[in-house]
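So the structure is just underneath, and the comments pick up after that.
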Amino acid sequence: MAAEGGLKLLGLTVSPFVIRVRMALQMKRVGYEYMEQDLFTKGELLLKSNPVHMKVPVLIHDGKSICESLAIVQYVDEVWAATGTSILPADPYDRAAARFWAAYADSKLLPAWVGIMWAATEEERAEKVGDTLAAIGQLEEAFGKCSNGKPFFAGDSVGYLDLVVGSQLLWFEVLRKMFGVVVIEACRAPFLAAWVKRFWETDTAKAVVPDVGTAAEYLKKLQSHRAGATVAQLLS
Ligand SMILES: N[C@@H](CCC(=O)N[C@@H](CS)C(=O)NCC(=O)O)C(=O)O
């Protein structure tokens, strides 16, 4: 895909927030210049483009910055509405439901599994595992309602909620590999377990998601820089 004039994405390969944006751009078949950021020493362009949060992803389009992954995915869907696959559902109720569950996935599921990685004690880790599984339980029910018996949250193909939850799956593999925690198991979440297999097989996931080793290496790097870091800086 040739890069659209002036379209740049500031990112971090293993970041779930960046992965979902790259998947959205891939679904739209939009080319862009990808600029990997060193979040240990943030560059001028990142600081200037996202002065409020100083985080990736940032999409720069026609010289304007768009920040926050969910806002970027929605922006990509609207600007390139005529190309590729639609990301947000067309029906207003379905769109509201997808946004509701996306917000849930980022505000409840994500901090819970991040907490597993940074727990100071086994008790704390067990508590975070419990929180993660509770959130997965909610999303299992949501899958039933949103998918209407179809293969993806969005129906026949990948959509908004698939990207938001799917962008976190890489880190579930890290949790399995490094902490022995299985986040999505067929016995507890059969819909989601089947969805995960389908999701990994999509061109969208294959084109964008790095291998688990890359994410595990990044986590080790973070662990060695961790002193004093907050949860918000987990993947920074
Ligand atoms: N809510 C933001 C979260 C973005 C975020 O936390 N990005 C991390 C990388 S995974 C980051 O840039 N961290 C740098 C920092 O916290 O200083 C979004 O959805 O884009």
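The values are calculated or read from the model by the stated rules, or taken from the named source; none is laboratory data. This one's a predicted model, so the numbers in the text were calculated from it and none came from an experiment. Here Cβ is always computed from backbone atoms with ideal geometry, including for glycine, and neighbour counts include all displayed protein chains. Please note that ligands, DNA and RNA were not included when accessible areas were found on the heavy atoms of the full protein model with its side chains. Shrake-Rupley method; radii C 1.70, N 1.55, O 1.52, S 1.80 Å.
When you filter the chymotrypsin sites (Phe, Trp or Tyr not before Pro) in segment 9-42 for DSSP loop state and at most 12 other Cβ atoms inside 10 Å of their Cβ, you are left with PHE40.
Normalised by the number of residues in segment 3-79, the average gap of Cα pairs under 8 Å and 6 or more apart makes the relative contact order 39 percent.
Using the Cβ of ALA103 as centre and a radius below 14 Å, the other residues enclosed give a net charge of +2, where K and R count +1 and D and E count -1.
Taking all protein chains together and rolling a 1.4 Å probe, ASP156 ends up with roughly 110 Å² accessible. Note on segment 116-179 and segment 1-50: Cα centroid distance 24 Å, given to the nearest whole angstrom.
Listed values for segment 30-35 are Karplus-derived 3J(HN,Hα) couplings in whole Hz (6.51 cos²θ - 1.76 cosθ + 1.60, θ = phi - 60°), namely 9, x, 7, 8, 9, 10, and x replaces Gly and Pro. Taking a 25 Å limit on the Cα-Cα distance, which of the listed pairs LYS145/LYS177; LYS150/LYS177; LYS64/LYS220; LYS8/LYS177; LYS8/LYS206; LYS150/LYS206 fall beyond it? Beyond 25 Å between Cα atoms: LYS145/LYS177; LYS150/LYS177; LYS64/LYS220; LYS8/LYS177. P(r) tail, segment 3-79: Cα-Cα pairs separated by more than 19 Å, 24% of all pairs. Our compactness index for segment 129-185, the C-alpha radius of gyration over the empirical 2.2 N^0.38 Å, is 1.19. Dividing the summed helix terms, -39500 (n - 2.57) for each DSSP H run of n ≥ 4, by the number of residues in the chain produces a 222 nm estimate of -16000 deg cm²/dmol to the nearest 500. Our summary of shape: the Cα atoms of the chain have principal axis extents of 50, 46, 27 Å, ordered from largest down, in whole angstrom. DSSP finds beta bridges in segment 3-79, and of those with both partners inside it, around 60 percent are antiparallel. Based on C-alpha pairs under 8 angstrom that are at least 6 apart in sequence, the chain has a relative contact order of 20 percent. By accessible area, using a 1.4 Å probe on protein heavy atoms only, segment 3-79 has 52% of its surface on carbon and sulfur. A dipole drawn for the chain from +1 and -1 charges on Cβ atoms has a positive end, and of THR41, SER69, THR204 the residue lying farthest that way is THR41. Carbon-plus-sulfur accessible fraction, segment 92-224 (probe radius 1.4 Å, protein heavy atoms only): 54%.
Each residue of segment 92-224 gets 103 Å³ once the volume of the Cα convex hull is shared out per residue. Across segment 1-36, the residues whose backbone nitrogen lies under 18 Å from the label position 7 Å along the beta-carbon direction of GLU78 are 21, 24-25, 28.
With all protein chains kept in place, the per residue accessible area of segment 3-79 amounts to 43 square angstrom at a probe of 1.4 angstrom. Annotation: per residue accessible area for segment 92-224 equals 46 Å², rounded to a whole number [probe 1.4 Å, protein chains only].
Excluding the sites themselves, what is the longest stretch of the chain that contains no trypsin sites (Lys or Arg not before Pro) in a DSSP loop with at most 14 other C-beta atoms within 10 Å? Answer from the scan: 30-187.
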